């Protein structure tokens, strides 16, 4: 795919909203290991996801990196068939996950996972292609533009608008963030309509013993546009 900068960068600072940041992160940074999980692990999200997911669902996992979230979800839902398309802008991460997927011995799990390079703000997917969407940290990465975050971030607006476009009406969007300032973005775009619930989940921080971190789980459902007959 054609690479473009998500945001102009200060020469001395790589923003998490840039391709270059993630190339470095997965090549030589914290993400160079077998797996790196942002914010929460599957077991901490499992109860929410299992309430939403249904047999035959096609799920989009944005900003997948080298997370095992999708693999864990497919393994957990062995009595139903789901398909998870995992996307990321980082070619290194996607190549590694494709290689990992080839080695999975469980054919059902292996065939249920797709990994491909995509920019989540501008995908090549069809309208209303997915029943559900997962995000752990992609919206936060786009919020990290080294500028004022409250309500003015065009990349976050593009992300949520694109998620609305590719999601079936009535479909679910689980977005894990550490920013309360993300919430207004769900209400600020006339091209998207969401029913939104926020759950505050406190977890132990990896930064030190006894330190806790609040994660915000945004549970969104896509609604018909109030000013449109769009289906």
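Worth pointing out:
- Across the stretch 19-222, C-alpha contacts under 8 Å between residues 6 or more apart give a mean separation that, scaled by the residue count, equals a relative contact order of 18 percent.
- Under the simplified labelling scheme, the residue 76-residue 98 pair shows an inter-label distance of 2.8 nm, with each label point 7 Å from Cα along Cα→Cβ.
- Each principal axis of the Cα atoms in the stretch 19-222 has its own extent, and those three values, largest first, are 46, 40, 33 angstrom.
- Approximating the spin labels as points 7 Å out from Cα along Cα→Cβ, the residue 180-to-residue 213 distance works out to 1.9 nm.
- Cβ-derived FRET efficiency at R0 45 Å, residue 105 paired with residue 190, nearest 0.05: 0.40
- Modelled label positions at residue 203 and residue 24, each set 7 Å beyond Cα in the direction of Cβ, lie 2.5 nm from each other.
Where a number appears in this text, it was derived from the coordinates with a stated rule and is not lab data. As the structure is a prediction and not an experimental result, all values here were calculated from the model. Methodologically, a virtual Cβ is constructed for each residue, glycine included, from the backbone with ideal geometry; neighbour enumeration extends over all protein chains shown.
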